[in-house]
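The values are calculated or read from the model by the stated rules, or taken from the named source; none is laboratory data. Quantities reported herein were computed from a predicted structural model and do not represent experimental measurements. Here Cβ is always computed from backbone atoms with ideal geometry, including for glycine, and neighbour counts include all displayed protein chains. Remember, those area values only see protein heavy atoms, side chains included, never the ligands or the DNA or RNA. Shrake-Rupley method; radii C 1.70, N 1.55, O 1.52, S 1.80 Å.
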Amino acid sequence: PPPLSESRLTVGLFSAGMLFALDYYIATAQGRGDQAECNKWLWQGCWLSLFLSIGIIGIVIATIPAYLRANFKPEIAEPAAQFVVPLAFCMPGFTIFITFRQYLQSTGSVTAGTVVTLLAIGFNYLFNWMFVFGELGAPKMGVAGSGLATTLTRTLQAAAIVGYAFYRDGQRGLGLASS
C-alpha cells in the first residue's frame, strides 16, 4: 500500500476535486443574477462536504490496521498511524472551507479565501509547535500532535470563511442566512 501521507493527499484531492465543480454552477447562476440559486448550490456543496467527510474519515480509520500489518517498519508505520488518525478528522473543516471558498470566489470575493489560507498557515505552524513539542501548556504529543494541529487549523479555517460569508451576506442582503 502507499504511505499514509500519500493516501491522505489522495483523499483530500478527491474531495476538493468534487467540490471544485461548484464553481461552474455558482458562477453560472451568478451570471444570470440568480442569487437564490447561488445559495442553493452552496448548501448542496455543504451537504456533499459532510457526506464526503464522513466517508473519508471512515475509510481512513478502517485502513489503519492494514497499514500497521503491511510490510512497513514498525518505527515508521506506528507514528504514521498516530498522525493520520487525528488528521482524518480535519476533513469536515477542509471540505466546508473549500465549499465556502468556491462560493465566495464564484460570487466575486476571491480575497477572503486567500487571506484565510494565509492566516491558517500561521496557525498551523503555531499549533504544530504547541502540540508536537508541548509548548504553551499544551501536552507534548509528538507526531500525533501534528495531526491534531492540522485538524484544529482546518476547523478554524472553515469557521473563519463561513463567518466571513455570513458577514458579507449581512452587508449585501444576499439571502444566504434565509436560504
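Values computed for the structure shown
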read-out: Qualifying positions in the range 59-70 - in a helix (DSSP H, G or I) and over 22 Å from the mean Cα position of the chain (by Cα); value: P65, A66, Y67, L68, R69
read-out: Cross-chain or 6+ apart pairs with Cβ under 6 Å, the range 131-145 first and part of a loop (DSSP other than H, G, I, E, B), then surrounded by 13 or more Cβ atoms within 10 Å (Cβ to Cβ) and among the aromatic types (F, W, Y); value: E135/W129; A138/F131; M141/F131
read-out: Filter result (under 23 Å from F166 (Cα atoms) and of a type in the set (G, A, S)) within the range 37-62; value: G45, S49, S53
read-out: Residue count for the range 158-179, restricted to those that are aliphatic (A, V, I, L, M) and in a loop (DSSP other than H, G, I, E, B); value: 3
read-out: Of residues in the range 22-36 being surrounded by fewer than 17 Cβ atoms within 10 Å (Cβ to Cβ) and of a type outside the set (A, V, I, L, M), the one modelled with the lowest pLDDT; value: D23
read-out: Tally of residues being over 16 Å from the mean Cα position of the chain (by Cα) and either of a type in the set (V, I, T) or assigned to a loop (DSSP other than H, G, I, E, B) (or both) across the range 28-58; value: 4
read-out: Residues (loosely packed, with under 13 Cβ neighbours inside 10 Å and modelled with pLDDT of 90 or more) located in the range 37-61; value: W47, I54, G58
read-out: Restricting the range 71-98 to residues that are assigned to a loop (DSSP other than H, G, I, E, B) and touching a helix residue (DSSP H, G or I) at 6+ places or on another chain (Cβ under 7 Å), the residue that is farthest from V110 (Cα to Cα); value: F89
read-out: Filter result (open to solvent by less than 30 Å² (accessible area, probe 1.4 Å) and either out of contact with any Cys (no Cβ under 8 Å at 6 or more places or on another chain) or modelled with pLDDT under 95 (or both)) within the range 101-126; value: Q102, L104, S106, T107, S109, A112, G113, V116, A120
read-out: Which listed residue is on the phi > 0 side of the Ramachandran plot, more than 12 Å from the chain's Cα centre (by Cα) and surrounded by fewer than 18 Cβ atoms within 10 Å (Cβ to Cβ), from G142, G170, G163; value: G142
